[in-house]
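The values are calculated or read from the model by the stated rules, or taken from the named source; none is laboratory data. Quick caveat, the model's predicted, so the values are computed rather than measured. Quick reminder, even Gly has a Cβ in these numbers, built from the backbone with ideal geometry, and neighbours come from all protein chains shown. Note: accessible area is taken over every heavy atom of the protein model, side chains too, but ligands, DNA and RNA are not part of it. Shrake-Rupley method; radii C 1.70, N 1.55, O 1.52, S 1.80 Å.
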Amino acid sequence: MTEVSMVVNGRKVSGDVEGRTLLSAFLRENLGMTGTHVGCDTSQCGACVVHVDGAAVKSCTMFALDADGAEVATIEGQAAPDGTLNVIQQAFQDYHGLQCGFCTPGMVMSAAALLKDNPKPSEAEIRDYLEGNICRCTGYHNIVRAIMAASGQDVPAVAAE
């Protein structure tokens, strides 16, 4: 066992892990932060997306030890301390960008990374960026609309593809 320390959602945390412990497992099992979902364990679905030192990463493919000393942001840290949703979360609610909710944490974290790098993405850019996130319920149309709304753009009727 090796001790790992990091800052998660602004709070310094540490714990003992085996070398093979994935960041997603450390967050969920050691820290009880179950908002980061694990849907595939193969980096295909994107439900486990978190930010490590400001970059979106799939936490099911990163060892916890590789995040030692890093700043990690999870879905639990997106809302304000009083529970008020951030602009992306609110847009997902307003535009019904979720159904079962399983993919939603990864979608919100991916959307946050996209909007940080591209504050006014086009519909095509949003769809391209979300290629690594799988949603089995919504068909993506309302997710795209929610991200456009969160970016402050007019929300068009998104065509089915």
Keeping all protein chains in place and using 1.4 angstrom, which order do Ile134, Ile147 fall into by accessible surface area, from largest down?
Ile134, Ile147
Options (i) 16.8; (ii) 16.0; (iii) 15.6 - which one matches Kirkwood radius over Cα pairs in Å as calculated here:
(ii)
Apportionment of accessible area to carbon and sulfur, the chain, percent (1.4 Å):
48 percent
Please give the FRET efficiency for Asp53 paired with Lys120, using the beta carbon to beta carbon distance and R0 = 22 Å, rounded to the nearest 0.05.
0.35
Heavy atoms of Val155 accessible to a 1.4 Å probe, total area in Å² rounded to 10:
40 Å²
Prolate/oblate/rounded label for the range 80-151 (Cα gyration tensor, a/c 1.5)
oblate
What angle do you read, to the nearest 10 degrees and between 0 and 90, between the alpha-carbon axis of helix 141-150 and the longest principal axis of the chain?
80 degrees
In whole Hz, the Karplus estimates of ³J(HN,Hα) for the range 62-77 (6.51, -1.76, 1.60; θ = phi - 60°; x where Gly or Pro) are 10, 6, 4, 4, 6, 9, 4, x, 8, 9, 10, 10, 10, 4, 4, x
Karplus couplings for the range 45-58 from phi (6.51 cos²θ - 1.76 cosθ + 1.60, θ = phi - 60°), rounded to Hz, Gly and Pro as x?
9, x, 5, 9, 5, 9, 10, 10, 6, x, 9, 6, 9, 8
